[in-house]
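What follows draws every value from the coordinates through simple rules; no lab data is involved. Computed from a predicted model, the values in this text were never measured in an experiment. Don't worry about glycine lacking a Cβ; one is built from the backbone with ideal geometry, like all the others, and counts go over all protein chains shown.
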Amino acid sequence: MVKAIILDIGGVMYKEDTNYPRLCKQLGLDLKKFMILWHKYRVSSSTGKMSPKKYMAAMANGLKVSPKKLHEAWRYIKIDEMRKIPRMETLVKNLKKKGYIVGSLTNIMGVHHKMRLEIGAYNHFHFNICSCEVGLRKPDKRIYTLLLKRLKLPPKEIVFIDDYEVCLKPARKLGIKTIRFKNYKRLIRNLKKFGVKI
């Protein structure tokens, strides 16, 4: 019997791919150079080894632009383009009403985490495990072990939903039920297969 449902945020709750070409065009930056730096610092930022301030300073230094100017443009574009995936917020609320523990497990850079907090992206969950806060990223097995410790439930009583298969495999190996998110209708069908009451 399923007692907890855990969801990824980006790609499941929100469409939030940052429009880096738009950002670079707005600031007159070289997109190729931007992406090289982004890849260089991404893991450090998303595991909390680099604070949002240090991350933005490192990016700005490499791009020869003011950190403040870069941050302001980045924040505006990121928040402007974040879109809730239809019906997912309502689903989370309904699952909570049905008595399920509903949490999030997400990989997120510190700078983007702050922007999510601004718009209340985490507000509807009982708890949130964010890579930049716990120092671990999916698909590292340890982040799923951390989830199990947090829930104090047998793996078979948990469903984990993510849009990337690579992030589902370690959870599945631990005995957690998994669903790859494609769209809302398919998700509902898959949840019902696991006996989840919608």
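Given a Förster radius of 41 Å and the C-beta distance between Lys64 and Lys173 as r, what FRET efficiency does 1/(1 + (r/R0)^6) yield to the nearest 0.05? Show your work: numbers first, answer last.
Values: r = 45 Å, r/R0 = 1.10.
The value I calculate is 0.35.
Run the quick spin-label model on Lys193 and Leu146: label points 7 Å from Cα toward the beta carbon, then report their separation in nm to one decimal.
3.0
Sorted from fewest to most neighbouring beta carbons within 10 Å, what does the list Ile6, Ile85 look like?
Working: Ile6 27, Ile85 19.
Ranked by crowding around the Cβ, least crowded first: Ile85, Ile6.
When averaged across all projection directions, what area in nm² does the alpha-carbon convex hull of the chain cover?
10.6
Give the distance, in whole Å, between the Cα centre of the stretch 147-198 and the Cα centre of the stretch 81-137.
15
Treating the angle as unsigned and between 0 and 90°, give the value, to the nearest 10°, between the Cα long axis of helix 88-97 and the longest Cα principal axis of the chain.
Roughly 40 degrees, rounded to the nearest 10.
Just the number, please: percent antiparallel of the DSSP beta bridges in the chain, rounded to the nearest 5.
Here the antiparallel bridges make up roughly 10 percent for the chain.
Relative to the longest principal axis of the chain, what angle (0 to 90°, nearest 10) does the C-alpha long axis of helix 184-193 take?
Roughly 30 degrees, rounded to the nearest 10.
When the label point is put 7 Å from the Cα of Glu118 along its Cα-to-beta-carbon vector, which residues of the stretch 25-61 have a backbone N closer than 15 Å?
Residues 52-53, 56 qualify, since their backbone N sits under 15 Å from the label point.
Along the three principal axes, how long is the stretch 108-180 when you take its alpha carbons, biggest first, rounded to the nearest angstrom?
Taking max minus min along each principal axis of the Cα atoms, the stretch 108-180 gives 34, 23, 22 Å.
Taking amide H positions as placed 1.01 Å from N in the peptide plane, with prolines and chain starts having none, which residues 5 or more places from Ser104, or on another chain, fall under 5 Å of its amide H?
Those lying under 5 Å, H to H, from Ser104 are Leu7, Phe127, Asn128, Ile129.
Counting other Cβ atoms within 10 Å, which trypsin sites (Lys or Arg not before Pro) in the stretch 93-198 have at most 12 and lie in a DSSP loop?
Sparse-neighbourhood loop trypsin sites (Lys or Arg not before Pro): Lys98, Lys152, Lys182, Lys197.
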